[in-house]
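What follows is calculated from the coordinates using simple rules that are stated; it is not laboratory data. The structure presented is a predicted model; accordingly, all values stated were derived computationally and were not measured. Cβ: placed from backbone, ideal geometry, glycine included. Neighbour counts: every protein chain shown.
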Amino acid sequence: MFETLSGRFSGVFDKLRGRGALSEADVAEAMREVRLAMLDADVALPVVKDFVNKVRERAVGQEVLDSISPGQAVAKIVNDALIDALGGAGAVPLNLNNAAPIPILMVGLQGSGKTTTSGKIALRLQTRERRRVLLASLDVQRPAAQLQLQQLAERARVASLPIVPGQTPVQIAQRAIETGRREGFDVVILDTAGRLSIDEALMEEVRQIRAATNPAETLLVVDAMTGQDAVNTAKAFNEAVGVSGVVMTRMDGDARGGAALSMRAITGAPIKLTGSGEKLEALEEFHPERVAGRILG
Ligand code: GDP
C-alpha cells in the first residue's frame with residue numbers, strides 16, 4: 001500500500017520535493033486522493049470525512065525528512081492513521097479466559113456464513129489451541145439447520161450436541177452448557193438462528209440466550225461483500241444485544257474491505273477474525289495492516 005499510495009501521491013507531491021513542512025494546500029490535494037480511494041473501497045461517507053479530517057490535522061505542518069519525498073511522508077501518515085482506525089497493529093484474540101466450559105455465542109443474518117464460521121472456529125481452537133470444543137445449533141427455525149451443523153462438526157472432527165427435537169433455543173443452549181460441564185469440554189460454541197433480515201423476534205431470542213448462558217464472546221458474523229449493509233447489520237446487533245467481536249466472511253471475494261473500517265468506527269467492536277473461503281481451514285486473524293492496504297488499493 002505504502003508504495004502504491006505514495007505512487008499515487010507522487011504526481012501531487014513531485015513539485016514539492018525539497019520543501020520543509022507540509023502546507024494545508026499540499027495536504028488538501030492528497031486528501032482528495034485518499035477520499036476517492038476510500039469511497040471506492042466502500043467506506044461509509046461519514047467515516048471517510050472523519051478520517052480525512054483527522055489525517056489532515058496530523059499532516060499539516062509536518063516536517064518532511066530529507067530522505068523521503070512528501071508523497072511518502074503523507075502516505076505513511078495515512079497508512080498509520082488507517083491502521084489505528086482499524087483497531088491498531090496486531091490482531092485482537094478471542095477471549096478464552098473464563099472458566100470452562102466457555103460459551104461463545106455466534107450471531108448474524110442467514111447466509112452470512114455463521115454456521116461455517118462456527119465450524120471453522122471449533123476446528124481452529126481444537127487443533128491450534130488444544131481445546132475440547134462442543135458445537136451446538138440453536139436454530140429451530142430451519143429444520144435442516146441442526147443437521148447442517150452436525151455434519152460440519154463431523155467434517156471438522158469436533159463434537160456436536162445430540163439433537164433433541166422440540167426444545168427451545170434457550171433450552172438447547174442450557175443443555176449444551178450442562179453437557180459441556182459434565183463431559184469436560186473447554187469451549188461450547190452456540191450457533192444461533194439467522195434470519196433474512198433483522199427483526200425484533202431475532203434480537204429477543206438472542207438476548208434470552210445471552211442471559212441464560214453468559215457468553216465470553218458474542219461474535220457477529222457479517223459478509224464483507226455486502227459492504228454498507230454489513231455495517232448496518234453490525235450497528236443493529238450491537239445496539240440490541242451487544243457484540244464483543246466481529247467475524248467478516250468472504251474476504252476472499254473482491255470486496256476492498258471498506259466495511260471493516262466503517263464497522264470499527266460505527267460499532268466500536270473489534271474485528272477478530274476473517275473468513276477467506278468455504279474450507280474449514282479458511283479462517284484468519286484480522287490484520288489491520290493488510291486491510292489498510294486493500295482499502296487504499
Ligand atoms: P449461515 O446461514 O450464516 O449459517 O451461512 P452458512 O455458514 O451456511 O454459509 C453460507 C454459504 O457461504 C456457504 O456456501 C458457505 O460455504 C459460504 N461461506 C461461508 N464463509 C465463507 C467465506 O469466508 N468465503 C466464501 N467464499 N464462502 C463462505
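Would you work out the relative contact order for the chain, in percent, from Cα pairs under 8 angstrom that are 6 or more residues apart? Display every interim value, and only then the final one.
On the way: 560 pairs, mean separation 72.7, N = 297.
Across the chain, relative contact order equals 24 percent.
Quick one: dipole size for the chain, taken about the Cα centre, charges +1 on Lys/Arg Cβ and -1 on Asp/Glu Cβ, in debye to the nearest 20. Mind showing how you got there, number by number?
On the way: 35 positive and 36 negative charges, 112 e Å.
For this selection, approximately 540 debye.
Excluding same-chain residues fewer than 8 positions from Lys272, which lysines have a Cα within less than 18 Å of its Cα?
Output for Lys272: Lys114, Lys120, Lys235.
Would you compute the Debye intensity of the chain from its alpha-carbon atoms alone, equal scatterers and no solvent, and pass along log10 I(q)/I(0) at q = 0.08, 0.10, 0.11, 0.13 Å⁻¹ to two decimals?
Log10 I(q)/I(0), no solvent term: -0.40, -0.58, -0.67, -0.84.
Out of the range 213-285, which trypsin sites (Lys or Arg not before Pro) are coil in DSSP terms and have no more than 16 other C-beta atoms within 10 Å? List each step's numbers first, then the result.
Values: sites: Lys235, Arg250, Arg256, Arg264, Lys272, Lys279; in loops: Arg250, Arg256, Lys279.
When the trypsin sites (Lys or Arg not before Pro) of the range 213-285 are filtered for loop state and at most 16 Cβ neighbours within 10 Å, Lys279 remain.
Which Rg and Dmax, in Å, describe the Cα atoms of the range 136-198?
11.6, 36
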